[in-house]
1. Only one of these conditions is not met by G74: (1) among the small types (G, A, S); (2) modelled with pLDDT under 95; (3) surrounded by fewer than 19 Cβ atoms within 10 Å (Cβ to Cβ). Which number is it?
2. Would you check which residues across region 91-132 are within 16 Å of M1 (Cβ to Cβ), in contact with a Phe, Trp or Tyr (Cβ under 9 Å, 6 or more places away or on another chain) and of a type outside the set (K, R) and list them?
3. Looking only at helices (runs of 4 or more DSSP H) that fall completely inside region 315-389, which ones have 2 or more residues that are in contact with a Gly (Cβ under 8 Å, 6 or more places away or on another chain) and assigned by TED's automatic domain parsing to the domain that holds A33?
4. Would you say E16 is at pLDDT below 95, surrounded by fewer than 23 Cβ atoms within 10 Å (Cβ to Cβ) and not basic (K, R)?
5. What number of residues within region 160-178 are among the charged types (D, E, K, R), under 23 Å from S20 (Cβ atoms) and outside any loop (DSSP other than H, G, I, E, B)?
6. Can you find a residue that is outside any helix (DSSP H, G or I), farther than 23 Å from G322 by Cα, in contact with a Ser or Thr (Cβ under 6 Å, 6 or more places away or on another chain) and in contact (Cβ under 8 Å) with a residue 60 or more places away in the chain anywhere in region 137-151?
7. In region 293-346, how many are of a type in the set (F, W, Y), over 26 Å from R159 (Cβ atoms) and either in contact with a strand residue (DSSP E or B) (Cβ under 7 Å, 6 or more places away or on another chain) or crowded, with 23+ Cβ neighbours inside 10 Å (or both)?
Amino acid sequence: MKILMLADSLDTGGAETHISTLATELHGRSPRAFFGASRGGENVPFSTNISEKPLEIILASAGGKIAQSLVDQGFKHILLPTPSRSLLCLFKTFRIIERERPSIVHAHTRRTALAAFLPCKIFGIPLAVTFHARFSMSFPKRLLTVAGDVSAAVSEDIREHIERELKIPKNRIKITKNGVKIPEKTQISSKNHHKIVFVSRLDADCSLGADLLCSITPRLAQKYPDIEIILVGGGEEYPRIAQKCREINQKLNRELIISVGAQTNVEKYLRGASLFVGVSRAALEAMAQGLPVILLGNEGFLGLLDEENLPLAERTNFTCRGFGREVDADVLFAEIQAFFSLDDAEKTRISTLCRDTVKKDYSAHKMAQDTLLTYAPLFSALPQKNLDS
């Protein structure tokens with residue numbers, strides 16, 4: 001059974017990594033393999049005649065580093081025009097759906113959902129749409145936002161946003177939380193080491209953390225002579241931030257802070273770290289390693305993740321969106337200093353909390369389960385020939 005996943009591009013980024021992880025988890029496996037005969041004591045809400053054949057995941061986007069990585073793994077990826085070429089993108093999406101005739105089309109962006117709407121209607125193919133952020137719904141964007149036959153949101157606040165703005169009944173919107181691969185063993189550094197990793201796109205709307213870390217590097221170096229700071233991510237602000245790092249290192253006469261640009265293998269930079277600064281999916285990947293995290297992004301600041309602020313973090317997909325206090329260089333320096341001042345037992349407790357949270361609710365396996373439950377009404381409506389294709 002074919003699932004066609006659509007995205008604007010598959011370069012580095014949280015939503016892009018979500019799609020890659022989901023595709024990898026689902027491809028080649030039967031839907032029933034994720035649940036067995038039941039889930040939580042209840043029958044899985046799949047049609048009784050669903051095929052046991054494995055899923056085939058096909059991807060279409062304007063390409064990027066993650067797209068190339070998936071191709072290298074053997075996935076079929078079809079190149080779409082860049083989103084700026086809207087009419088050509090609409091035409092190419094139509095042709096792809098006409099040729100592939102998937103059982104389900106799953107769009108992960110507003111543009112691709114709009115492009116898929118008409119061909120899905122014409123060819124009788126159900127459309128699922130995942131909302132990864134709280135996008136503007138001002139006129140005319142609201143008119144161009146397609147909810148699909150089923151809708152999913154990666155967090156509770158996004159679910160409430162699309163329910164309110166698109167007037168979608170609450171029971172038609174599923175929560176499909178971000179899921180990450182969980183390493184068998186943690187690989188964090190000695191608790192007495194001082195290595196900070198920041199991961200994010202470095203565009204104007206998400207580079208605050210990188211700028212603040214740059215501004216406090218001299219103070220951190222004075223307080224912690226062994227300090228290391230790695231900034232991972234590319235974007236429009238990357239050249240400026242990379243230059244700032246070089247100037248800091250030159251002034252202090254050693255390499256304290258480096259900006260390594262966009263990377264597809266973030267895990268290797270997390271290894272050996274002692275603290276993560278950032279938000280969203282990157283924070284979850286750090287937590288999976290057992291890294292304590294300071295949640296800081298352009299949309300909010302919750303500080304060091306602990307039991308008290310965990311519910312707020314979860315509600316917003318760990319973005320701090322709409323929550324948290326004002327943050328500046330002094331606030332971030334104090335938060336980092338407070339963490340490094342904790343004793344080993346307290347650092348271990350926080351590390352365990354982070355890893356256990358991901359294992360319980362944010363694994364790649366659970367994300368795949370939740371996505372299949374989103375598909376469930378679509379499976380039930382599919383004719384047998386589609387299930388067997």
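The values are calculated or read from the model by the stated rules, or taken from the named source; none is laboratory data. Predicted model only: the values in this text are computed from it and were never measured. Neighbour counts are summed over all protein chains in view; Cβ atoms, including those assigned to glycine, are modelled from backbone coordinates with ideal geometry.
1. (2)
2. I97, S103, I104, H106, P126, L127, A128
3. Answer list for region 315-389: 364-381.
4. For E16, the condition - at pLDDT below 95, surrounded by fewer than 23 Cβ atoms within 10 Å (Cβ to Cβ) and not basic (K, R) - is not met.
5. Qualifying residue count, region 160-178: 1.
6. So far as region 137-151 goes, yes, one or more of its residues are outside any helix (DSSP H, G or I), farther than 23 Å from G322 by Cα, in contact with a Ser or Thr (Cβ under 6 Å, 6 or more places away or on another chain) and in contact (Cβ under 8 Å) with a residue 60 or more places away in the chain.
7. 1
The rows are residues; the columns are (1) crowded, with 22+ Cβ neighbours inside 10 Å; (2) touching a residue at least 12 places away in the same chain (Cβ under 8 Å); (3) on the phi < 0 side of the Ramachandran plot; (4) in the same structural domain as L22 (by TED's automatic domain parsing).
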position: F94; (1), (2), (3), (4): no, yes, yes, yes
position: R99; (1), (2), (3), (4): no, no, yes, yes
position: T109; (1), (2), (3), (4): yes, yes, yes, yes
position: L114; (1), (2), (3), (4): no, yes, yes, yes
